[in-house]
Amino acid sequence: MNKLQLWKQRVFYGMTDMAGNLIWQMVGLYLLFYYTTVLGISAAFVGTLFLLVRFVDAFDGMFFGFLIDHTHSKYGKARPYFLWFGIPLGILAFLLFFNPSFGGNKTIQMIWISVIYTVFSLIYSGSNTPITAILPSLTDDADERANLASARMVLTNTGTAVIGAITLPMVSFFGGKNQQTGFAIWGAIVGLVIAACFFLAFLNLRERDIKAEEGSEIQGHLSVMDSFKGAFKNRPWVVLTLSFICIQTFWVVRMASGVFYINYVYKSPAIVGLFLGMTIFAVPGNLIAPILSKKFKNRDVMDMSLIIFIIGEVLMPIGQKSQNLPLLFIGNGIAMIAMGSVFTIAFVMIADTVEYARTHLHIEEPGFLSSVPVVGAKIGMGIGGALSGWILTWGGFQSTAKTQAAKAQLAININFVWLPILLAAVIIAILVFYNLNEKKEMAEAEAKKHNADVAHA
C-alpha cells in the first residue's frame, strides 16, 4: 500500500470514530445539563434513567460483535455496519435534543426521553462496535495499527473539541433565548455530519480476508457460548475489559460535570465553551502514543499516561480557592493530553488481544473481542451518568439557583476531580495483571515467519 493509500485509509477510518463521538460528546457534556436545566427534569430521574438503560444494553456491543463475526457480505464483516447503523445514528442525534412539550405533560415527556435515549444507546453500539472490530482487518502491521489508532483519536478529539467549544454558542445562535429550539436545530446539523462521515467511510475502507491469509487452523463462526469461553480464556482481554469500564466510568462522570464545574465552582460561565473545547489538547497525546508504543510496552504507556492525568487533575482544585484560571487551564490541558494517549493506546491494546487470540488460542473473533470499548462505554456511561446525577442530588444541587451551596459545590468537585483520580488509580492497579508483552509476541511471530520461509526455501 503506497503512502497516499495509507493516509486515505487513516483519514476515513478516523472519520468513523469522529462521527460517533460527535454525538457521544454532546451526550456526555450536555445531555445531563439539557435534561435538568433546559427541560427541568429532576437530576435523580435522569441519573436513574442512565443507569437503567445500561442494564438494558450494557452487553449489546458483544451481541453486535458476534453478528460481525458471523456476517458474510461482499463488503466484508464490519464495514457494512457503518452504513446500516451510521445513518440511523445521525437521525437519533437530532431526536435526542428534539423534545416536544406534549402540552406540558411531564410524564409523557419523560417517557419520550426514555425511549429515545434507549434506542440511541442501542444504535450507537451497532455503529461503534465495527470501528474497533475492523482495525485488525485493515492491516497486519503492528506499527500501522498504532498509526490507525492514532489517526482515529486525532480526528475524534478534533471533532469533539469543536463540539465542546461551539455547541452552546450554536445553541444560542439558532435558538436565541430559547435553548430548547437551539439544541434541536444544532442536533439536526450534527446528525447530518454523522451520517455523511459513516457513509464516506463505508465507501472508502476495505477489509483483508484474514482467514484466507492465515490458514484453516484459525477457528471462526463460533457459537455464543464458545465466543464467551474463548474471550475469558484470553486473560489480557479480561483485564483490559475491566480497565476500559473504569476508564469510561470516570470519563463520563468528568464530561457530564465539566459545565457544572466551571459554572458553579469556578463561577466563570463565560469560559465554558473555551474550557470544554480543550479536548483538542488530547491530539498531542494521540500523536505521542504511537511513538511511545515503539519504545515501551503498551501497558507501561497506559500507566504513565494515567499518572500524568492524575497530576493534571490535582492542579485544578489547587487554584480553586483563589479562582486561579491559568492553573485551571494548565491542569485541564495536562489531563487532556494524557487522556489522548490513554484512549489511543487502549485501542491498540484491544487489537493486541485480538492478535493474541489468533496466535495463542487459534480463535478468530475480532468483532466479539473488539466490543470492549462499547461494553466499557455503555457500562461506564450508565454507572458514570447515574453517579453524576446521584452525587449532585446528594449535594442538594438546585438547577434554578445561580449560586450553589457548599455541599453542592463539593458534589461537583467529587464528580469532576476526585472520582476520576480514584478510578485512574484503580486502573493502574488492575493493569498489574495484564501479562501481554506485544513486543515479545511480535518478535516471536517474525522469527516463526522467517523460519517458515527458510524451510520452504
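The values are calculated or read from the model by the stated rules, or taken from the named source; none is laboratory data. Predicted model, so just to flag it, every value in this text is computed and none were measured. Backbone-built Cβ (ideal geometry, glycine too); neighbour counts: all protein chains shown. Side chains included, ligands, DNA and RNA excluded: accessible areas come from the protein's heavy atoms. Shrake-Rupley method; radii C 1.70, N 1.55, O 1.52, S 1.80 Å.
Quick notes
- Against the criterion of solvent-accessible heavy-atom surface with a 1.4 angstrom probe, H360, H72 sort, most first, into H72, H360.
- Binned Cα-Cα distances of the range 330-418, short to long, each 10 Å bin given as a whole percent: 14, 28, 27, 18, 10, 3
- Per-bin percent of Cα-Cα distances, the range 23-104 [5 Å]: 3, 11, 15, 20, 18, 13, 9, 6, 4, 1, 0
- Simple label model, 7 Å out from Cα along Cβ direction - Y75 to A44, nm: 4.6 nm
- Heavy-atom accessible area for L203, with the other protein chains in place and a 1.4 Å probe, reaches approximately 80 Å².
- Highest mean packing comes first when the peptides 126-133, 254-261 are listed by Cβ atoms within 10 Å, giving 126-133, 254-261.
- The range 109-177 shape via C-alpha gyration tensor axes, a/c threshold 1.5: oblate
- Protein-only accessible surface order, largest first, of S388, S42 at 1.4 Å: S42, S388
- Between helix 282-295 and the chain there is an angle of about 30 degrees, using the helix long axis and the longest principal axis of the Cα atoms.
- For the residues W112, W418, a 1.4 Å probe over the protein chains yields an accessible-area ranking, largest first, of W418, W112.
- Computed over the range 1-159, the alpha-carbon pair-distance distribution with 10 angstrom bins reads 10, 34, 31, 17, 7, 1, each value a whole percent.
- Each residue was assigned an accessible area with a 1.4 Å probe, and for D226 the value is about 70 Å².
- Residue-by-residue Karplus 3J(HN,Hα) for the range 233-249, coefficients 6.51, -1.76, 1.60, Hz, glycine and proline x: 7, 8, 4, x, 5, 4, 4, 5, 4, 4, 5, 5, 4, 5, 4, 5, 4
- In the assembled protein chains, T241 presents an accessible area of approximately 20 Å² (probe radius 1.4 Å).
- Unit charges on C-beta of K, R, D, E only; dipole of the chain, Debye: 1160 debye
- Looking at the chain, the accessible area is 40 square angstrom per residue; that uses a 1.4 Å probe and ignores ligands, DNA and RNA.
- Against the chain, whose longest principal axis comes from its Cα atoms, helix 372-394 is set at around 20 degrees.
- Three principal axis lengths of the range 221-280 [C-alpha, angstrom, descending]: 54, 20, 17
- For the residue pairs K177/K267; K8/K229; K8/K74; K233/K440; K229/K295; K177/K402, the C-alpha atoms sit more than 28 angstrom apart in K8/K229; K229/K295.
- Angle of helix 3-26 to the longest C-alpha principal axis of the chain, folded into 0 to 90 degrees and rounded to 10: 30°.
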